[in-house]
Amino acid sequence: MHPEYIEAFTRKVAIDPRTTALIPVDLQYASGSREHGLGALLASQGKLDEARYRFDRIEKLVIPNTKRLLDAWRGAGARVIYVTLGCELPDYADAAPSTRAFFTATRNTVGNREHEIVDEIKPLPGELVINKRTQGAFASSGIESALRGLGIETIVVTGVSTNNCVETTAREASDRGFGVVMVSDATGTCSDEMQNATLKGFSRLWGRVAATDEVIAELRAGRALGVAAE
């Protein structure tokens, strides 16, 4: 049982299409595809069944719901910023020690298919893609200056893994004063236990957790208000 008293102090975060960016995190072939990267590695080791939960969730929830959110954001004229994870050097020499082995094993460096964002949610021309080498985007990329330059005050995060790169990026953003919404059914990791624990922990002081339908409805309501005011 989780005591609820801390949640009373958690910042209320609203979604305004003028100042809120959608940020899909690490939805790449390296770790987001059953046939590439991590999936291919596990298959070669006879261990792919151990990751069934992960890839089932990505295919059935994370990608479809991220696509719905992308459609809604683009329809509202709101900002989309992709975050990717991986190296930019072919020998992986620019990786942090904590991620080098994983990058190497999954062939995650610029120029390889594994580094690319999965085709179902490819960025459109003019949409920003920011690469990071660490689990949190703020530690190893220029995302903060980009967000501030674009007038972004709140971010909505989707992607993988909920308890690693998504959560770390979200917490870093919260600590820097951004409002953060983590989308419960557009994020994924390796088990229900990890997923639920991450969402519960994040909702205590760090930010807001909301489902795809709720986020889209709020975005469209904000867009309608903005249009009416013009």
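Worth a mention:
- Scanning region 189-215 for residues that are out of contact with any Ser or Thr (no Cβ under 6 Å at 6 or more places or on another chain) and not in a helix (DSSP H, G or I) turns up 190, 191, 203, 204, 208, 210.
- In region 115-129, the residues that are open to solvent by 20 Å² or more (accessible area, probe 1.4 Å) and touching a Ser or Thr at 6+ places or on another chain (Cβ under 9 Å): 115, 116, 120, 129
- Contacts under 8 angstrom Cβ, first residue in region 89-105 being exposed (fewer than 14 other Cβ atoms within 10 Å of the Cβ), partner among the small types (Gly, Ala, Ser), 6 or more apart: 90/111
- Scope region 16-27; condition in contact with a Ser or Thr (Cβ under 8 Å, 6 or more places away or on another chain) and either crowded, with 24+ Cβ neighbours inside 10 Å or of a type in the set (D, E, K, R) (or both); matching residues: 16, 20, 22, 23, 24, 25, 26, 27
- Residue within region 138-146 that is out of contact with any Ser or Thr (no Cβ under 9 Å at 6 or more places or on another chain), open to solvent by 30 Å² or more (accessible area, probe 1.4 Å) and part of a helix (DSSP H, G or I) present: yes
- Region 175-215: number of residues that are open to solvent by 10 Å² or more (accessible area, probe 1.4 Å) and in contact (Cβ under 8 Å) with a residue 40 or more places away in the chain: 10
- Filter result for the condition that a residue is in a helix (DSSP H, G or I), on the phi < 0 side of the Ramachandran plot and open to solvent by 30 Å² or more (accessible area, probe 1.4 Å), over 30, 43, 72, 51: 43
- Residue list for region 120-137, filter: more than 12 Å from residue 83 (Cβ to Cβ) and part of a helix (DSSP H, G or I): 120, 121
- Figure legend. Inter-residue proximity from region 31-56: first residues closer than 14 Å to residue 191 by Cα, second residues among the aliphatic types (A, V, I, L, M) and open to solvent by less than 40 Å² (accessible area, probe 1.4 Å), beta-carbon distance below 7 Å, spacing 6+ or different chains. Indicated pairs: 50/42; 51/42.
- Flag for residue 84 being open to solvent by less than 50 Å² (accessible area, probe 1.4 Å), among the polar types (S, T, N, Q), within 22 Å of residue 19 (Cβ to Cβ) and out of contact with any Cys (no Cβ under 9 Å at 6 or more places or on another chain): no
- Every residue from region 54-69 that is of a type outside the set (A, V, I, L, M, F, W, C) and surrounded by fewer than 21 Cβ atoms within 10 Å (Cβ to Cβ): 56, 59, 60, 64, 67, 68
- Residue count, region 3-22 (criterion: outside any loop (DSSP other than H, G, I, E, B) and farther than 15 Å from residue 170 by Cβ): 5
- Cross-chain or 6+ apart pairs with Cβ under 7 Å, region 125-148 first and more than 19 Å from residue 176 (Cα to Cα), then aliphatic (A, V, I, L, M) and open to solvent by 20 Å² or more (accessible area, probe 1.4 Å): 128/146; 133/96
The values are calculated or read from the model by the stated rules, or taken from the named source; none is laboratory data. Just so we're clear, the structure is a prediction, and the values are computed from it rather than from any experiment. Cβ sites come from the backbone with ideal geometry, for glycine too, and all protein chains shown count toward neighbours. What goes into the accessible areas is simple: the full protein's heavy atoms, side chains included, and nothing from ligands, DNA or RNA. Shrake-Rupley method; radii C 1.70, N 1.55, O 1.52, S 1.80 Å.
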